[in-house]
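Notes follow once the structure below has been shown.
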Amino acid sequence: MYKLYGSPSTAGTAIHWMLLELDVPFEAVLLDFDKGEHKTPDYLALNPDGVVPTLIVDGAPVTQMAGIVTLLAERHPEAGLAPPVGSSERAPYLSWSFWLANSFQPHFRAWFYPHEPAGGEAVDAVKEAARVRIEQGLARLDAHLADRDVIVGDRFSTVDLLVTILCRWTRNMPKPATAWPNLKRYLDRIRQRPALREVHAREGLTDWIDG
Ligand SMILES: N[C@@H](CCC(=O)N[C@@H](CS)C(=O)NCC(=O)O)C(=O)O
């Protein structure tokens, strides 16, 4: 039985969705950011960064969105949400996973929390730099999807789950992911997945899922 600490419409949503894709038993605790529930001593003992998600696996906390979905795919290989170790698709799978986590996702942190790198002084410049880099990343994904339905191989994987969540975060940005034609076609198909629709319902999210 997994226990997820998340919060609606956050990186926690990725794990919530993944658990529904896997159809495994779990408990979801949705923290209220407005009440600072992610900064309490008890929660900081689980996740010292005071962010979501945290997943309790066999009694121990596991953090980092991309790491958690990769771990869950490994623990539930029957779901086929990651190419097997040793397969030819493993290299692009790991490259895309780490690119998303290390190179692309941090620009979203800068966009939504610009005071962190800017120190309160250069918030507008930080947001503008983040916007440009997010759009460059979206253009790269769009080009990759020109003749493909998924990012790696020929079946949906945790890479697609991460791409979808990050694209969702662009929905109120000046140029959202759906403005790129291949990304829109890709996202329109993924938005039909029952588990993604279910996580929207469970977290009370009504925007974006229907376009
Ligand atoms: N690198 C972390 C980033 C997690 C993160 O930034 N989570 C955000 C929500 S999407 C959060 O908890 N923000 C609350 C805060 O920073 O106070 C991960 O991938 O898990």
(message) Can you give the log10 of the normalised intensity I(q)/I(0) at q = 0.11, 0.13, 0.15, 0.16 Å⁻¹, computed with Debye over equal Cα scatterers of the range 1-142?
(response) -0.49, -0.68, -0.88, -0.98
(request) Tell me which residues come under 5 Å, amide H to amide H, from Val57 once H is placed; ignore anything under 5 positions away on its chain. (result) Val62
(request) Go ahead and collect, in residue order, the members of the range 19-47 whose backbone nitrogen is under 20 Å from a label point 7 Å along the Cα-Cβ direction of Arg75. (result) 19-31, 43-47
(request) Excluding residues on the same chain fewer than 8 positions from Lys184, give the lysines whose Cα lies under 20 Å from its Cα. (result) Lys175
(request) Describe numerically, in nm with one decimal, the distance between label points set 7 Å from Cα along Cα→Cβ at Glu37 and at Val150. (result) 3.4 nm
(request) Using the charge dipole of the chain (Lys, Arg: +1 at Cβ; Asp, Glu: -1 at Cβ; taken about the Cα centre), state which of Ser88, Ala110, Leu72 has its Cα farthest towards the positive end. (result) Ser88
(message) For the chain, what does the helix formula give at 222 nm: sum of -39500 (n - 2.57) over DSSP H segments with n ≥ 4, over the residue count, nearest 500 deg cm²/dmol?
(response) -14500 deg cm²/dmol
(request) Place a +1 charge on the Cβ of each Lys and Arg in the chain and a -1 charge on the Cβ of each Asp and Glu, then give the dipole magnitude about the Cα centre in debye, rounded to the nearest 20. (result) 460 debye
(message) Can you tell me which of Asp188, Asp49, Asp160 moves the most in a GNM of the chain? Springs connect C-alpha atoms under 10 Å apart.
(response) Asp49
(message) Per 0.36 nm of contour for each residue apart, how much would the distance between Ser103 and Glu121 grow if the chain were fully extended, relative to their Cα-Cα spacing?
(response) 4.1 nm
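Each value in this text was obtained by applying a stated rule to the coordinates, not by laboratory testing. These numbers come from a predicted model, not from an experiment. Methodologically, a virtual Cβ is constructed for each residue, glycine included, from the backbone with ideal geometry; neighbour enumeration extends over all protein chains shown.
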